[in-house]
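Student: My structure is below; once you've seen it, I'll send some questions.
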Amino acid sequence: MRPLYFHLVIFSLAVLSCVSCVSTGKFKAMQQEAQKYDTLYTWSMRTLKTCQDANNDLNKQKASLQNQTNEMNTLLTSTKENNTELRKQLRDIAAISSTQAESIRKSFDNMGAKDIYIQDLQSAVRHLDSVNLAVVMNLKAALGGFGDQDVNIKIGKGIVYVDLSDKILFDSDSNSYTLADQAKKVLGRMARALNDQPDVEFMVEGHTDSIPYPQDLLKDNWDLSVKRATSIVRMLQNEYNISPVRMTAAGRSEYVTVAPNDTAEGRAANRRTRIVILPQMDSLLKLLVRR
């Protein structure tokens with residue numbers, strides 16, 4: 001019996017040894033497989049992070065492009081409105097020019113004037129109107145996007161006026177004559193339009209409301225209105241290279257109003273700066289002197 005028992009023990013030990021060898025091999029294979037999946041997982045997480053960062057960047061670019069699109073749409077709408085207004089102005093100016101030319105023609109016909117003199121005078125009137133129209137079109141295009149309460153461009157008695165509210169030019173204090181940061185935006189656009197007409201001269205008029213200026217550095221609203229005008233012409237000269245010989249700085253104080261001063265809204269409307277495009281009368285004056 002003993003030899004049989006001995007052989008059974010040896011056989012059992014051999015079987016257990018084989019089983020142990022197989023389990024160790026599988027374990028190592030599983031470890032290698034696990035390491036492979038760990039490496040794949042790490043790579044996947046890095047790739048996911050890269051994709052997420054790229055997606056965030058694309059979202060930011062999309063938002064920026066959307067903002068630019070919105071701004072362009074606003075500018076397009078403003079340009080369409082300006083074009084409509086300019087066409088109306090063109091019709092009005094054409095009607096004015098036609099009426100003036102006809103009136104001049106009839107007057108000189110009645111006085112027996114020569115045809116050449118009438119033609120020269122009509123040509124001078126048309127030239128004046130064409131210059132005004134060019135200035136208006138340039139200003140309308142340059143200042144599009146600002147509200148009518150802040151920027152108002154009009155023609156009256158053959159003269160171009162641009163009214164700018166004080167809230168887009170000066171600091172919030174109604175007595176301030178220091179230009180605000182946003183003034184550069186509107187004055188820069190206006191300067192580009194004026195530089196397109198290098199022969200045009202203009203006057204900058206400061207206007208105030210009726211509330212007396214608190215006397216300290218300045219004496220009264222006359223001083224304040226002049227200081228506002230000189231602040232603007234200095235910026236146009238120093239920042240935008242407009243020749244000083246083309247500009248005149250003037251103050252009108254509180255005496256030329258566009259609204260009653262008994263309300264806050266009226267006083268705000270009166271606190272304004274007016275740019276007056278001076279008419280080019282040289283050709284007309286030469287004709288009158290020759291006559």
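Taken together, the values in this text are just the output of simple stated rules run on the coordinates, not laboratory data. Predicted, not measured: the structure shown is a model, and the values here were computed from it. When we count neighbours, we look across all protein chains shown, and the Cβ atoms used for this are built from the backbone with ideal geometry, even at glycine.
Student: Measure up 80/140; 88/167; 60/167; 106/140; 62/184 against 23 Å on the Cα-Cα distance and list the ones that go over.
Tutor: Working: 80/140 11 Å; 88/167 29 Å; 60/167 33 Å; 106/140 35 Å; 62/184 30 Å.
The pairs that break the limit, which is 23 Å between Cα atoms, are 88/167; 60/167; 106/140; 62/184.
Student: Given the Cα-Cα distance of residue 237 and residue 268 and 0.36 nm per residue of separation, how much length would full extension add, in nm?
Tutor: 8.4 nm
Student: Figure the gain on full extension for residue 65 and residue 171 (residue separation times 0.36 nm, minus the Cα-Cα span) and round it to one decimal in nm.
Tutor: Values: separation 106, 0.36 × 106 = 38.16 nm, distance 3.24 nm.
Computed gain between residue 65 and residue 171 is 34.9 nm.
Student: Oh, and also: Modelled label-to-label distance, residue 34 and residue 184, 7 Å Cα→beta-carbon offset: nm?
Tutor: A separation of 6.5 nm, rounded to one decimal place.
Student: Turning to a different aspect of this structure: For each of 276, 160, count neighbouring Cβ atoms within 10 Å of the residue's Cβ, then give the residues from fewest to most.
Tutor: 276, 160
Student: Going by how many other Cβ atoms sit within 10 Å of their own, how do 253, 210 line up, fewest first?
Tutor: 210, 253
Student: Quote the FRET efficiency, to the nearest 0.05, computed for residue 197 versus residue 44 with a Förster distance R0 of 51 Å and r equal to the Cβ-Cβ distance.
Tutor: 0.20
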